[in-house]
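Participant: Take a look at the following structure, please.
The values are calculated or read from the model by the stated rules, or taken from the named source; none is laboratory data. As the structure is a prediction and not an experimental result, all values here were calculated from the model. Every residue, glycine as well, gets a Cβ built from its backbone with ideal geometry; the counts of neighbours run over all protein chains shown. In case anyone asks, the SASA skips ligands and DNA or RNA and just uses the protein heavy atoms, side chains included. Shrake-Rupley method; radii C 1.70, N 1.55, O 1.52, S 1.80 Å.
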Amino acid sequence: MVINPVISIPASAVNLPGQEPDWKRQLREVVTDPEELLELLQLSADSVPIDKPEHFRLRVPRAYVDKMQPGDGHDPLLLQVLPQQLENSTDGLLDPVADLAAMSASGLLHKYHGRVLLITTGACAVHCRYCFRQHFPYGDACSSSARLDEAIRHIQQDASIHEVILSGGDPLVLDDERLAVIIKRLATIDHIDSLRIHTRLPVVLPARITGSLCRVLTATRLRMTMVIHANHANEIRQAESEVLQRLQAAGITLLNQSVLLKQVNDDADTLIDLSRRLHACHVLPYYLHLLDPVQGAMHFDVGEREACEILNRMRARLPGYLVPKLVREVPNSSSKTTISAI
Ligand SMILES: *Cc1c(COP(=O)(O)O)cnc(C)c1O
Ligand code: SF4
């Protein structure tokens, strides 16, 4: 695929006053019915054993469905979003990384020195079947003003914190006005110098990356990093490549984290393609996470030994900066835990 070096502004980024932005329309029009998804992909309902779990339903933007291969029940993008009967297993935990115990009422997670994670919303554009937050009782108030006040107070009182990570859910489902308020309030705290946004939207709903959003993200003294979340090279096509270039051109540092997922990306060739594709879009690989052992997702689990073998094969073929760190989240540790060769 040829990457266009010119940063063009797609029509979707230009909105008349009062008109609903294209990304909000796309967010409303996500696919939520597994049968419709199969139909869009020309798959018969009996070829794939689907399920309809109430606690964590199918949710996928049509722009993401467009990147799946019709007729392929094993498409690596489809497997990430389609609820399957395999999920009914009771193996695994409801809160595998002990976030509930660590989260304060204001939605702040302060587990590691120097940085805090702020849950800005429980909503996401996509429901990833392997998500460790799929059983998380967010309530609907994590983005309320009172909670933000409380979070700001906590950060103000602790001068050891230098970086705030906006997470969720997905912080970019918030609209520009809300994000601008959060960023402005954080920038008033002297000891905060960095803001990081963990988001899957550049990959699953690229229309969200508008010119207006880029302005909100860069109209601040805070050093801005965005950690996107791509698991497979097929997720990054022309539209995604263009918005990543736009973010990079705005001066935002771009990193990627992936989850190692059985049948989706559990081989060296797939992950090498992903690293190279990311690099072509100015994104460097950051973490490759082993699956958090969450109930309903254990069929995605790849063992440590196999993961190390995959990493070794990547190391043998890529420059060091294109090899992600293989990590696992261990509850009550002072950082992510690096997995080294065994
Ligand atoms: C993963 C995580 C971070 C970020 O860790 P880095 O190693 O800095 O990327 C921060 N806070 C919490 C609670 C996390 O789970
Ligand atoms: S976007 Fe992130 S938080 Fe939302 S379902 Fe996917 S992995 Fe979970």
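Participant: Among the residues of segment 211-222, is there at least one that is within 16 Å of ligand 1 (Cβ to nearest atom), within 22 Å of the chain's Cα centre (by Cα), free of Cβ contacts under 8 Å to residues at least 60 places away in the same chain and farther than 24 Å from Leu288 by Cα?
Facilitator: yes
Participant: For segment 45-58, what are the residues that are within 20 Å of the chain's Cα centre (by Cα) and either more than 21 Å from Ala125 (Cβ to Cβ) or open to solvent by less than 60 Å² (accessible area, probe 1.4 Å) (or both)?
Facilitator: Phe56, Leu58, listed by residue number.
Participant: Restricting to segment 296-310, name every residue that is farther than 15 Å from Arg328 by Cβ and surrounded by 18 or more Cβ atoms within 10 Å (Cβ to Cβ).
Facilitator: Within segment 296-310, Gly296, His299 qualify.
Participant: Scan (1) surrounded by fewer than 23 Cβ atoms within 10 Å (Cβ to Cβ); (2) within 12 Å of ligand 2 (Cβ to nearest atom); (3) not acidic (Asp, Glu) for the single condition Ala207 breaks and write down its number.
Facilitator: Against the list (1) surrounded by fewer than 23 Cβ atoms within 10 Å (Cβ to Cβ); (2) within 12 Å of ligand 2 (Cβ to nearest atom); (3) not acidic (Asp, Glu), Ala207 comes up short only on (2).
Participant: Can you confirm whether segment 236-245 contains a residue that is of a type in the set (Asp, Glu) and part of a loop (DSSP other than H, G, I, E, B)?
Facilitator: No, there is no match, as no residue in segment 236-245 is of a type in the set (Asp, Glu) and part of a loop (DSSP other than H, G, I, E, B).
Participant: Being under 18 Å from Pro293 (Cβ atoms) and within 14 Å of ligand 2 (Cβ to nearest atom) is the filter here, so list the residues in segment 74-105 that pass it.
Facilitator: Gln80, Glu87, Asp95, Pro96, Val97, Asp99
Participant: Considering segment 210-228 alone, what residues qualify as being touching a strand residue (DSSP E or B) at 6+ places or on another chain (Cβ under 7 Å), in a helix (DSSP H, G or I) and surrounded by fewer than 22 Cβ atoms within 10 Å (Cβ to Cβ)?
Facilitator: Of everything in segment 210-228, just one residue is touching a strand residue (DSSP E or B) at 6+ places or on another chain (Cβ under 7 Å), in a helix (DSSP H, G or I) and surrounded by fewer than 22 Cβ atoms within 10 Å (Cβ to Cβ), namely Thr218.
Participant: Among the residues of segment 69-99, count how many are under 17 Å from Ala45 (Cα atoms) and in a loop (DSSP other than H, G, I, E, B).
Facilitator: Final tally of qualifying residues: 9.
Participant: Looking only at segment 229-262, how many residues end up being closer than 22 Å to Arg315 by Cα, in contact with a helix residue (DSSP H, G or I) (Cβ under 6 Å, 6 or more places away or on another chain) and open to solvent by 40 Å² or more (accessible area, probe 1.4 Å)?
Facilitator: Looking only at that region, the number is 1.
Participant: Shifting gears a bit: Can you find, within segment 313-342, the residue that is farthest from ligand 1 (Cβ to nearest atom) among those that are assigned to a loop (DSSP other than H, G, I, E, B) and basic (Lys, Arg)? Step through it out loud before you land on a result.
Facilitator: Filtering segment 313-342 for residues assigned to a loop (DSSP other than H, G, I, E, B) gives 316-319, 323-324, 329-336, 339-342.
So of that shortlist, the ones also basic (Lys, Arg) come out as 317, 336.
Working: Arg317: 25, Lys336: 5 Å.
This residue is Arg317.
Participant: For Leu100, are the conditions met, namely being among the hydrophobic types (A, V, I, L, M, F, W, C), open to solvent by 20 Å² or more (accessible area, probe 1.4 Å), within 16 Å of ligand 1 (Cβ to nearest atom) and within 26 Å of Val203 (Cα to Cα)?
Facilitator: Values: among the hydrophobic types (A, V, I, L, M, F, W, C): yes; open to solvent by 20 Å² or more (accessible area, probe 1.4 Å): yes; within 16 Å of ligand 1 (Cβ to nearest atom): yes; within 26 Å of Val203 (Cα to Cα): no.
It is false that Leu100 is among the hydrophobic types (A, V, I, L, M, F, W, C), open to solvent by 20 Å² or more (accessible area, probe 1.4 Å), within 16 Å of ligand 1 (Cβ to nearest atom) and within 26 Å of Val203 (Cα to Cα).
Participant: Scan segment 298-339 for residues that are over 20 Å from Val97 (Cα atoms) and either among the basic types (Lys, Arg) or at pLDDT below 95 (or both) and jot them down.
Facilitator: Within segment 298-339, Arg305, Arg313, Arg315, Arg317 qualify.
Participant: Do we find that His282 is open to solvent by 10 Å² or more (accessible area, probe 1.4 Å), at positive phi and away from ligand 1 (no atom under 16 Å from the Cβ) in this structure? Don't jump to the end; show me each part of the working.
Facilitator: Details: open to solvent by 10 Å² or more (accessible area, probe 1.4 Å): yes; at positive phi: yes; away from ligand 1 (no atom under 16 Å from the Cβ): yes.
Yes, satisfied.
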